[in-house]
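Take a look at the structure set out below.
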Number of protein chains: 2
Amino acid sequence: MRFETSTIKDIAKALGLSTSTVSRALRDRYEISEETKKLVLAYAEKVNYRANPIARSLKERRSYSIGIIVSEIANNFFSQVINGIESIAYDKDYHVIISQSHESYKQEKLNVEHLASRSIDGLLIALSSETQDIDYLRDLYAKGLPIVFFDRVPKDFETHKVIANNFKGSFDATEHLILSGKRTIAHLTNSENLSITKERLEGYKAALIKYHIEFRPELVKYCQHGGMHSAELEQAVKELLPLQPDGIFISSDRLTTGCIMALKKTNPEVAHKIAIAGFTNSNLVELFSPSLTSVKQPAFEMGQVATELLISMIEAKRPVTEFETKVLDTELVKKR
Amino acid sequence: MRFETSTIKDIAKALGLSTSTVSRALRDRYEISEETKKLVLAYAEKVNYRANPIARSLKERRSYSIGIIVSEIANNFFSQVINGIESIAYDKDYHVIISQSHESYKQEKLNVEHLASRSIDGLLIALSSETQDIDYLRDLYAKGLPIVFFDRVPKDFETHKVIANNFKGSFDATEHLILSGKRTIAHLTNSENLSITKERLEGYKAALIKYHIEFRPELVKYCQHGGMHSAELEQAVKELLPLQPDGIFISSDRLTTGCIMALKKTNPEVAHKIAIAGFTNSNLVELFSPSLTSVKQPAFEMGQVATELLISMIEAKRPVTEFETKVLDTELVKKR
DNA sequence: TACGTTTTTGGGAACGTTTGCACAGTTTTT
DNA sequence: AAAAACTGTGCAAACGTTCCCAAAAACGTA
């Protein structure tokens with residue numbers, strides 16, 4: 001803001017002290033006498049002094065803010081993660097800056113670099129579905145920027161990661177479809193680049209194996225853009241239907257809702273005949289028709305855990321070398 | 001970030017120039033010879049120089065960032081508005097910082113003040129449902145912080161505002177219910193504090209009047225927390241049902257979905273018998289059961305317009321004194 | 001050659017903090 | 001009584017920019 005507000009200098013002048021004394025008093029340093037502290041604090045209160053975070057950032061070379069990159073905030077899963085992140089960050093006096101990649105690699109890179117130049121102290125990121133090359137993240141990391149990945153994590157990058165138990169979530173959902181009598185279960189999923197895609201595919205396969213159902217690759221459809229384009233989804237559905245699946249297991253929030261939408265739009269007559277199980281954190285699932293079985297991720301908790309890990313890295317005295325990958329359990333909410 | 005990156009000083013030293021020259025060359029000022037400019041630019045490129053926005057902010061006393069306050073990002077309407085805001089902001093080289101009030105006055109005030117202290121150049125805000133006292137905003141505004149309100153706007157605050165045509169949206173929705181034969185139409189709405197609540201109530205009333213239907217105050221239920229607490233909603237529904245409405249007109253995104261949820265939960269047998277029309281920007285409306293008629297706000301556009309107005313205020317040479325209130329039309333999407 | 005212009009560059013202060021170091025005054029130790 | 005230690009404060013530099021002002025270089029003209 002370009003309007004006047006009181007500064008340490010002003011306080012110093014008014015009280016006949018030096019800026020250093022005022023600064024130290026405000027930060028409650030031991031060197032300053034109780035008397036002076038009280039004086040300064042009282043006056044600061046009176047003139048409604050607010051420290052200038054910009055100046056502080058410049059001097060300290062850190063900003064007490066952490067960057068978040070998600071593909072989009074208009075996604076139940078991610079907005080819940082963000083709420084989890086905020087809940088911890090604010091507690092520990094960090095501010096958060098949210099950016100959306102819209103599933104675009106270019107946008108993701110641009111945003112990350114912008115955040116980095118704004119002196120964020122750390123980064124929480126779920127990769128875009130397009131992202132394959134994460135060298136730009138490696139560079140930043142090497143230069144000292146703490147990074148914690150969540151949900152969509154890279155394989156060969158040594159740092160903290162927080163993910164859902166995707167294998168088990170998928171296994172459970174697929175098993176549930178099988179147990180309700182389905183035998184031709186399609187799998188609609190995200191870009192092959194993503195970690196979640198691989199893990200969820202494995203869970204799906206494992207459930208098929210357990211019940212001696214043949215895995216048919218043609219029943220698996222990948223969506224490069226994670227369902228951002230409805231044409232992509234409709235195409236996938238169109239290719240799937242001739243194979244006459246009696247169940248579909250879908251591996252992401254956006255794909256799940258998008259797929260039902262596409263089904264209803266293109267083939268309303270079969271929409272209700274196909275059993276659907278899918279990952280989604282929508283809290284409106286109960287309203288959906290056809291209804292579905294959903295795999296819910298502990299989104300809020302994921303945000304919290306990731307943030308705690310990140311802040312521990314930021315505040316670590318010495319470089320962190322032991323990394324953990326936290327795996328959180330999903331919840332299967334069966335169709336009514 | 002606390003790691004080394006090249007600065008203007010480094011470039012100056014390397015090239016045997018002064019920092020002033022380098023700074024000017026980088027900003028392409030007329031005083032600098034083409035030759036020097038090329039030299040500097042090439043070297044800057046080579047060492048991957050990035051200007052430090054923090055330093056720039058401190059010096060220029062502005063941050064090229066704008067603050068956004070919404071009640072929550074996990075809301076279709078608001079996340080679409082944010083996308084609209086971003087689309088314009090990025091174009092004009094502004095960064096955005098999003099904060100959530102969670103419909104709490106205290107949180108809203110805290111967030112705004114935090115943003116202000118971070119030197120945002122302007123503020124875009126939709127008031128929380130609890131907010132009645134906006135003096136803190138007046139203070140900031142008086143000190144020179146440009147503010148543009150959208151969606152939920154205060155009455156007596158002279159600045160730009162962007163709203164939907166709430167009156168017409170409500171009128172249309174209510175009329176639609178009437179035309180499909182409903183006569184006992186309840187109205188479920190937000191906190192009375194909000195501008196949108198008043199405007200939408202007027203539209204509802206006007207439609208009743210047009211068709212000579214008596215307005216019955218007991219059919220109107222207010223939710224103080226805008227549906228953030230499901231108990232509140234269930235209570236409202238519980239009080240409404242004995243009056244045997246054959247239609248309900250609901251005045252906000254969260255309330256609309258929440259109400260259907262509450263209806264299904266508490267009275268599944270009547271849920272499908274009551275016709276519902278409500279404001280919502282959910283793109284999943286087609287999946288809902290019972291299905292409903294929805295009033296869609298031009299959220300993305302609202303974000304764009306508000307941002308353009310804000311940036312025009314920020315960049316105005318002299319204080320702006322002529323303010324506009326832009327009203328954007330809603331769209332009625334009839335139940336299938 | 002000397003001068004005035006114009007063009008290009010550099011010096012240095014400022015933005016609001018934090019912090020290492022020095023220093024004065026007081027208290028403790030020997 | 002002198003030396004040592006501790007307390008509380010101030011000076012000044014630094015963070016990376018921008019920009020006012022002055023100075024130097026280049027050019028033109030008499």
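The values are calculated or read from the model by the stated rules, or taken from the named source; none is laboratory data. On a predicted model such as this, the values are computed, not experimentally measured, just so you know. Glycine also receives a Cβ, built like all others from the backbone with ideal geometry; neighbour counts cover every protein chain displayed. All accessible areas refer to the heavy atoms of the entire protein, side chains included, with ligands and DNA or RNA removed. Shrake-Rupley method; radii C 1.70, N 1.55, O 1.52, S 1.80 Å.
Comparing B:His212, B:Leu241, B:Tyr94 along the charge dipole axis of chain B, the residue lying farthest to the positive side is B:Tyr94, per the Cβ-charge model. Working from label points 7 Å from Cα in the Cα-to-Cβ sense, the A:Ala51 to B:Asn283 distance is 4.2 nm. Computed with every protein chain present, the accessible area of A:Lys238 is close to 140 Å² [probe 1.4 Å]. When A and B come together, around 5100 square angstrom of accessible surface is lost from both chains combined, probe 1.4 Å. What a 1.4 Å probe finds exposed on the stretch A:8-51 is 49% carbon and sulfur by accessible area, rounded to a whole percent. For the rotational copy pair A/B, the chain A residue whose Cβ lies nearest the symmetry axis, together with its distance in Å, is A:Ser289, 2. Between A:Leu201, A:Leu17, A:Leu177, the residue with the greatest mean-square fluctuation in the GNM of chain A (Cα pairs under 10 Å linked by springs) is A:Leu17. Distances, shortest first, from the label point of A:Glu31 to those at the same position in the other copies read 3.9 nm; the point lies 7 Å along Cα to C-beta. Mean residue ellipticity, 222 nm, helices only, chain A: the sum of -39500 (n - 2.57) across DSSP H runs of n ≥ 4, divided by residue count and rounded to 500, is -13500 deg cm²/dmol.
Distance from the alpha carbon centroid of the stretch B:89-158 to that of the stretch A:61-119 works out to 20 angstrom. Our note on the geometry: Cα centres of the stretch B:289-307 and the stretch A:203-262, 30 Å apart. For chain B, evaluate the Debye formula with one uniform point scatterer on each Cα (no solvent term) and list log10 I(q)/I(0) at q = 0.11, 0.12 Å⁻¹, rounded to two decimals. Relative scattering, expressed as log10 I(q)/I(0), comes to -0.75, -0.85. Between A:Ser87, A:Ser23, A:Ser117, which gets the highest mean-square fluctuation from a Gaussian network model of chain A, Cα cutoff 10 Å? Its mean-square fluctuation being the largest, the pick is A:Ser23.
Heavy-atom accessible area for B:Met261, with the other protein chains in place and a 1.4 Å probe, reaches approximately 40 Å². What shape does the stretch B:166-296 take by its C-alpha gyration tensor, where a ≥ b ≥ c are the square roots of the eigenvalues and a/c under 1.5 counts as rounded, a/b above b/c as prolate, and the rest as oblate? Rounded, since a/c falls under 1.5. Applying a DSSP loop filter and a limit of 16 other Cβ atoms within 10 Å to the GluC sites (Glu not before Pro) in the stretch B:9-49 leaves B:Glu31.
For A:Ser117 and B:Leu241, the FRET efficiency from 1/(1 + (r/R0)^6), where r spans their Cβ atoms and R0 equals 56 Å, is about 0.50. The mean count of C-beta atoms from other chains within 10 Å of the C-beta of residues in A:146-154, rounded to a whole number, is 0. Averaged over the residues of peptide A:192-205, the number of Cβ atoms from other protein chains lying within 10 Å of each residue's Cβ is 0. I want to verify a result. In a Gaussian network model of chain B, Cα cutoff 10 Å, which of these has the top mean-square fluctuation: B:Ala231, B:Ala306, B:Ala126? Result for chain B, Cα springs under 10 Å: B:Ala231 fluctuates most.
Here A:Ala316 yields copy-to-copy label distances, from shortest upward, of 5.1 nm, the label point defined as 7 Å from Cα along Cα to C-beta. Within the stretch A:216-238, which residues have the backbone N less than 13 Å from the label spot 7 Å out from A:Glu202 along Cα→beta-carbon, could you tell me? Output list for this probe position: empty. Residues of the stretch A:116-144 buried by at least 50 Å² of accessible area upon assembly of all protein chains, compared with the chain on its own (1.4 Å probe): A:Ser117, A:Arg118, A:Lys143.
Averaged per residue, chain A has 44 square angstrom of accessible surface, using a 1.4 angstrom probe with ligands and nucleic acids left out. Summing +1 for each Lys or Arg and -1 for each Asp or Glu among the other residues whose beta-carbon sits under 11 angstrom from that of A:Ile250 gives +2. The modelled label-to-label distance between A:His229 and B:Glu34, using points 7 Å beyond Cα along the C-beta direction, is 4.3 nm. Thinking of the protein assembly as shown as a set of Cα atoms, what percent of all their pairs are more than 45 Å apart? Roughly 27 percent, once rounded to a whole number. Expressed to the nearest 5 percent, the antiparallel share of DSSP beta bridges inside the protein assembly as shown is 10 percent. Shown are B:Tyr222, B:Tyr105, A:Tyr94, whose ranking by accessible area with a 1.4 Å probe and every protein chain present, most to least, is B:Tyr222, B:Tyr105, A:Tyr94. Is there a simple number for the mean count of other chain Cβ atoms within 10 Å of the Cβ of residues in B:51-58, and what is it? Mean number of neighbouring Cβ atoms from other chains: 6. In the stretch A:166-296, with Lys and Arg counted as +1 and Asp and Glu as -1 at Cβ, which of these residues, A:Leu201, A:Met261, A:Thr293, has the Cα nearest the positive end of the dipole, that is, farthest along it? My answer, from the dipole projection, is A:Thr293. By the gyration tensor of its Cα atoms, with a ≥ b ≥ c the square roots of the eigenvalues, what is the shape of the stretch A:184-257: rounded for a/c under 1.5, prolate for a/b over b/c, or oblate? Because a/c hits 1.5 or more and a/b fails to exceed b/c, the stretch A:184-257 counts as oblate.
Summing charges over all other residues whose Cβ lies under 12 Å from the Cβ of B:Gln304, with Lys and Arg as +1 and Asp and Glu as -1, gives -2. Atom-type composition of the exposed protein surface of the stretch B:199-271 places 55 percent of the accessible area on carbon and sulfur (1.4 angstrom probe).
For A:Asp139, inter-copy separations between label points set 7 Å beyond Cα along the Cβ vector come to 4.4 nm, shortest first.
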